[in-house]
Amino acid sequence: MAKILVADDDRVVLFTLSEGLREAGFEVIEARDGLQALALCQSEVPALALLDVRMPGLDGLELACRLRDETTVPFLFFSAYSDEAFVRQAVEIGALGYLVKPLLVAGVVPMIRTALARSQDISGLQSALASNRAIATAVGMLMQAEELDQAAAFESLRRQARTARRKLEDLARAMVENDKRQKP
């Protein structure tokens, strides 16, 4: 059973969403403001944090930046605002999703399950990169050359390896060696 943090200053939304998620089989911890949510993420380390964009203390966007920089807790947003600027900012910060209120628990649960799976994929990617220097270097090269985030660069490298029918590590080593030969 995954532990989920729900952070919203609206007591009705917080209660309704939390109870619905509990009924769906999740363990839920609640926060009524951004500072409380940050403290809970640091002490409880939930598998996922659902953050309202507008909260007292730290707003959801500030909180997400702190979670990204200070913890390993992945997050997604929910908000009454579907403004493109909010969505773009959420994506840039690293959100796994963005839901628009009003929320129906039946619609939120699939998104949470998807976000949890995506989070595990990203965690596995980070472990793979940490354990394989050639792949990590090639991913870094792609991130810089193509202005991609780490996950997108890794997926690009994996796609290239599949297309070329080569092992990922072999392709990465070849890219790194080629780069070394091109530099003076």
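The values are calculated or read from the model by the stated rules, or taken from the named source; none is laboratory data. Predicted model, so just to flag it, every value in this text is computed and none were measured. Neighbour counts are summed over all protein chains in view; Cβ atoms, including those assigned to glycine, are modelled from backbone coordinates with ideal geometry.
Listed values, structure above:
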| quantity | calculated |
| --- | --- |
| Verdict on Ala64 being modelled with pLDDT of 90 or more, under 18 Å from the mean Cα position of the chain (by Cα), under 18 Å from Met1 (Cα atoms) and surrounded by 15 or more Cβ atoms within 10 Å (Cβ to Cβ) | no |
| Number of positions in segment 154-176 that are over 15 Å from Asn132 (Cα atoms) and either over 27 Å from the mean Cα position of the chain (by Cα) or touching a residue at least 12 places away in the same chain (Cβ under 8 Å) (or both) | 5 |
| Scope segment 23-53; condition under 15 Å from Leu103 (Cβ atoms) and either outside any strand (DSSP E or B) or not assigned by TED's automatic domain parsing to the domain that holds Asp83 (or both); matching residues | Glu23, Ala24, Phe26, Val53 |
| Which numbered condition Ala37 misses (of (1) over 18 Å from Leu21 (Cα atoms); (2) over 13 Å from the mean Cα position of the chain (by Cα); (3) in contact (Cβ under 8 Å) with a residue 24 or more places away in the chain) | (1) |
| Enumerated helices (runs of 4 or more DSSP H) restricted to segment 79-184, each holding at least 3 residues that are polar (S, T, N, Q) and in contact with a helix residue (DSSP H, G or I) (Cβ under 8 Å, 6 or more places away or on another chain) | 150-164 |
| Filtered residue count, segment 31-55, keeping only those that are surrounded by fewer than 22 Cβ atoms within 10 Å (Cβ to Cβ) and small (Gly, Ala, Ser) | 3 |
